[in-house]
Amino acid sequence: MPTAKVRNLENKEIGEVTLSDAVFGVELNKSLIHAAVRNYLANRRQGTSATKTRGNVSGSGRKLWKQKGTGRARIASIRSPLWKGGGTVHGPQPRDWSYKMPKKMRRGALRSALSERLREGNLIIIDEFIIDNPKTKGFINILSTLELADKKNQPKTLIVDSLDNANLILASRNVKKTKITNGYGLNIYDLIYHEKLLISKAGLEELNHLLDPQREKNGTEPEVIEDAQAEEKPKAKKEAKPKAKKEETEVKATPTKKLKKKTAKAEKISPAKAENQENEEAAE
């Protein structure tokens with residue numbers, strides 16, 4: 001397990017801290033760090049550069065001179081890219097340069113860079129940044145005590161501390177080559193750009209919580225609720241109620257108009273048949 005000495009703001013050793021092997025004991029992976037830095041810089045690009053094509057440049061669309069007879073080269077538009085002040089061909093246009101990088105790769109690059117800073121001896125653990133007055137002069141005195149305020153060869157310093165320390169932020173924001181961040185906001189570009197790394201115990205806890213893959217979760221495990229794990233009982237099927245039969249209603253057929261006419265015609269008897277019927281009745 002890697003260890004580091006703990007110092008106070010007077011540059012005196014007051015103890016030693018054991019660092020996580022999963023965070024500060026990783027081998028250097030240059031290709032992974034390079035990929036993470038490229039991803040960070042690409043995501044920061046605005047992507048607003050734009051050039052005017054021949055369709056965007058101001059100018060008349062009139063043909064400058066006739067096609068033949070002048071002895072000069074033929075020309076169609078003054079906005080041609082061949083002419084001075086014409087449009088640009090295949091120039092940059094607004095685009096989104098950002099792309100996603102897997103979280104494991106980004107955090108792996110941070111672990112590799114932190115481990116290399118520790119092996120180089122450029123990582124300093126500070127007990128606590130206690131600043132009573134937010135004065136720039138007092139902060140510069142602290143850096144000079146820690147041998148980090150040489151005017152000619154002042155190293156670029158990155159301080160990792162909790163952002164609750166308002167006095168530290170106010171005292172250091174006017175100091176050149178110095179930047180303050182917290183453990184959760186540390187990025188690979190700042191870690192590579194700055195030569196010295198100052199980490200407080202509060203910042204170290206945040207880094208371990210963020211980057212240690214085997215860290216213990218805060219608090220106890222959630223209680224198991226029996227009802228949630230119990231097997232779901234099969235729901236009883238509802239008995240289907242018999243559908244009420246529709247009462248059969250007798251529909252009386254009503255004779256239509258056509259049937260009535262047919263029956264009326266059938267009932268009419270011709271006069272010859274009527275005489276025959278009368279003769280038969282008389283004979284009886």
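Every number in this text was worked out from the coordinates using simple rules, so none of it is lab data. Fair warning: this is a prediction, and the values are worked out from it, not measured in the lab. In this analysis, Cβ positions are derived from the backbone assuming ideal geometry, glycine residues included, and neighbour counts consider all displayed protein chains.
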So how far, in whole Å, is the C-alpha centre of the range 82-105 from the one of the range 135-166?
-> 39
Using only alpha carbon pairs under 8 Å that are at least six residues apart, calculate the relative contact order of the range 1-95 and give it in whole percent.
-> 22
Give the value in nm², to one decimal: projected area of the alpha carbon convex hull of the range 20-82, averaged over all directions.
-> 8.2
For the range 134-143, in order, what is each residue's ³J(HN,Hα) by Karplus, 6.51 cos²θ - 1.76 cosθ + 1.60 with θ = phi - 60°, in whole Hz (x at glycine and Pro)?
-> x, 10, 5, 4, x, 5, 5, 5, 5, 5
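Near D161, within a Cβ-to-Cβ distance under 10 Å, what is the net charge of the other residues, with Lys and Arg +1 and Asp and Glu -1?
Details: positive: K201; negative: E128, D164, E206.
My count for the surroundings of D161 gives -2.
Kirkwood Rh over alpha-carbon pairs of the range 86-136, then Stokes-Einstein at 20 °C and 1.002 mPa s: what D in µm² s⁻¹, rounded to an integer?
Details: Rh = 16.5 Å.
The calculation lands on 130 µm²/s.
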What ratio of Cα Rg to 2.2 N^0.38 Å holds for the range 1-136?
-> 2.09
Mind giving me the nanometre distance, one decimal, between the label points for K66 and H209, set 7 Å out from Cα along Cα→Cβ?
-> 8.4
Computed over the Cα atoms of the range 74-188, the Rg and Dmax in Å are 24.0, 78
